[in-house]
Structures are given as structure tokens and as C-alpha cells.
Amino acid sequence: MLSRLADRQFLLIDADDTLWENNVYFEQAIGEFMSFLNHREMTREQVRLVINQAERETILERGYGTHSFAHSLVKTFERLSETLITPELHQTICNFAHRIAAFPIELIDGVPETLNYLCRRQHHLILMTKGDITEQTGKVERSGLKEYFAAVEIVAEKNSATYKNIVSKHRLLPDTTWMVGNSPKSDINPALGAGINAVFVPHDQTWILEHESVGPAPDGVRLLQVEKFMDLRELF
């Protein structure tokens with residue numbers, strides 16, 4: 001752990017499962033869907049593998065978000081059930097996904113206090129999240145956290161090219177720019193690949209499709225890890 005950085009830093013901060021809970025609601029929906037499917041031959045673990053594959057395919061077709069997730073559940077049902085999908089059945093399956101939007105935003109412990117601290121320290125905060133623009137914008141508004149950020153960037157995908165574009169757009173200096181997030185696949189590794197620093201904040205409910213080994217950081221790029229979001233106060 002390095003000592004607290006005295007100079008002003010530019011922090012790109014992830015939203016889902018970094019600032020507020022997200023994947024836990026999707027996991028709940030998957031559990032409800034699997035109980036509804038009630039497959040007689042396949043275990044829940046085997047069904048989950050089919051769901052994962054359906055999600056991978058649907059992301060390429062439709063991107064991220066609850067609507068894409070709903071299509072993944074329908075696709076899974078079509079592959080595993082002998083029952084033909086009626087309009088009513090289709091709606092029932094989609095509702096497992098669409099109900100997620102009704103859940104209130106549950107901020108992760110210490111997030112508002114930490115963002116307030118970082119702002120008082122004069123660090124420049126940009127919220128950077130991927131997914132459906134309407135859904136993610138709604139989450140940001142309902143979270144009550146928008147005031148802490150100088151900008152909100154909602155992107156279709158988080159890869160090294162995207163991070164380079166954001167750095168260029170906001171005229172950031174890579175040496176003082178950090179990506180903060182819970183996903184090795186979307187937050188940490190592509191940021192490091194883009195030549196900016198990263199802070200990994202693990203979450204025990206990180207989406208399985210975001211699992212990936214972290215690092216290593218290229219020469220000249222810093223990679224740090226904290227246990228909790230509020231630990232950022234010890235770094236910045």
C-alpha cells in the first residue's frame with residue numbers, strides 16, 4: 001500500500017457493484033427462473049451454464065441491461081423446455097428480469113461519505129458505467145450520487161479502446177488517472193491495457209461473466225487493491 005496521494009487525481013469510478021448493489025438482484029431472478037423452469041433432468045448448475053451461454057450470445061445481439069437479460073431467460077427456456085412459449089408464458093419469463101428495475105438503489109457501505117471525502121480533497125470524479133443508457137441514467141439519478149461527479153459516462157462496452165477515448169475526451173493525464181471498480185474484466189484489466197492506473201475493489205457478488213484474473217500491471221502503471229470502497233480514503 002502506498003501512502004496517500006497528495007496531488008489531484010482523476011478517478012473513473014464504476015457504478016454497478018462498486019457504488020451500489022446490482023448483481024445480487026440478477027442472481028435472485030435467476031434463482032426464481034430456475035425454480036419456475038424446474039428441469040427434471042438437469043441440475044441447477046447445469047441449467048446455469050446454459051443461462052450463461054445465452055447471456056453471452058444476447059449481449060452481442062442486444063448489449064447489457066434487464067431487457068437483454070429477459071431475452072436470455074426466454075432463450076434458455078426455449079432451449080431446455082418442451083413447452084411452447086405462449087405470449088403469456090413469454091411475459092411471465094420476462095417479468096423475472098423486469099422486476100429488477102423496481103428494486104430501490106442500495107448503496108454500498110460508506111460510498112456517500114467516501115465520495116464526499118474525495119471531492120473535498122479536490123479529486124476529479126467521473127462516473128463510468130456500461131449498459132443501457134436509459135437504465136443506467138435512471139440508476140444514477142435515483143442513487144443521489146450524481147452531485148459528486150463532474151461527468152457521467154455511459155458506454156456500450158468497457159475495453160481498452162473505450163478507456164483511451166475517455167482519457168482523450170476529458171484530456172486526462174494517464175499518470176494521474178485511475179479506474180476504480182469491482183470487475184477484473186471490465187474495470188481493471190482493460191484500464192491497465194489502456195495505460196491508466198487502477199484500483200480493484202472486489203465484490204463477492206460480481207457477475208460470473210465478469211470474472212477474470214487481475215493484472216499484471218504494465219511497466220509504469222499502478223495497480224492497487226482495497227477491501228472496501230471506503231478504503232479509498234486511505235489512498236487518495
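The values are calculated or read from the model by the stated rules, or taken from the named source; none is laboratory data. Predicted, not measured: the structure shown is a model, and the values here were computed from it. Note that each Cβ is placed from the backbone with ideal geometry, even for glycine, and that neighbours are counted across all protein chains shown. What goes into the accessible areas is simple: the full protein's heavy atoms, side chains included, and nothing from ligands, DNA or RNA. Shrake-Rupley method; radii C 1.70, N 1.55, O 1.52, S 1.80 Å.
Restrict the search to region 1-108; then list the trypsin sites (Lys or Arg not before Pro) that DSSP places in a loop and that have at most 15 other Cβ atoms within 10 Å of their Cβ. Mind dumping the intermediate values first?
Numbers: sites: 4, 8, 40, 44, 48, 56, 62, 75, 79, 99; in loops: 4, 8, 40.
Answer in residue order: 4, 8, 40.
Percent antiparallel among DSSP beta bridges with both residues in the chain, to the nearest 5? Rounded to the nearest five, the antiparallel share is 5 percent. The HN-Hα couplings worked out from phi for region 227-235 by the Karplus form 6.51 cos²θ - 1.76 cosθ + 1.60 (θ = phi - 60°) are 7, 9, 4, 5, 5, 4, 5, 7, 9 Hz, whole numbers, x standing for Gly and Pro. Entry comment: accessible area of the chain is 50 Å² per residue, from protein heavy atoms only and a probe of 1.4 Å. Distance from the Cα centroid of region 183-198 to that of region 135-151 is 22 Å (rounded to whole angstrom).
How far is helix 133-143 tilted off the main Cα axis of the chain, in degrees rounded to 10, range 0 to 90? The answer is roughly 60 degrees. Here's how it looks for residue 197: its modeled amide H is under 5 Å from those of 177, 179, 222, which are all 5 or more places away or on a different chain.
Which pairs break 27 Å Cα to Cα here: 75/146; 169/228; 75/164; 146/228?
Where the Cα-Cα span goes over 27 Å, the pairs concerned are 75/146; 169/228; 75/164.
Once the chain from residue 83 to residue 56 is taken as fully extended at 0.36 nm per residue, the excess over their C-alpha distance is 7.4 nm.
Please determine, in degrees from 0 to 90 and to the nearest 10, the orientation of helix 87-98 with respect to the longest principal axis defined by the Cα atoms of the chain, where the helix direction is its Cα long axis. The angle comes out near 20 degrees.
Principal-axis analysis of the Cα atoms of the chain puts helix 160-169 at an angle of about 50° to the longest axis. Label zone of residue 120 (point 7 Å out along Cα→Cβ, amide N under 12 Å): in region 188-209 this covers no residue at all. Put simply, the amide H of residue 108, placed in the peptide plane, has neighbours under 5 Å in 20, 21, leaving out anything fewer than 5 places away on its chain. Solvent-accessible area assigned to carbon and sulfur over the chain amounts to 50 percent, based on a 1.4 Å probe.
Phi angles of region 100-109 translate, via the Karplus equation with coefficients 6.51, -1.76, 1.60 and θ = phi - 60°, into HN-Hα couplings of 4, 5, 7, 5, x, 6, 10, 5, 6, 3 Hz per residue; Gly and Pro are given as x. Remark: region 65-75, residue by residue, has Karplus-estimated 3J(HN,Hα) of x, 5, 5, 4, 4, 4, 5, 5, 5, 5, 4 Hz, where x stands for each Gly or Pro and the curve is 6.51 cos²θ - 1.76 cosθ + 1.60 at θ = phi - 60°. Annotation: amide H-H contacts under 5 Å for residue 151 (H modelled 1.01 Å from N, sequence separation of 5 or more, or interchain): 127. Considering only 16, 175, 187, the Gaussian network model of the chain with Cα springs below 10 Å gives its largest mean-square fluctuation to 175.
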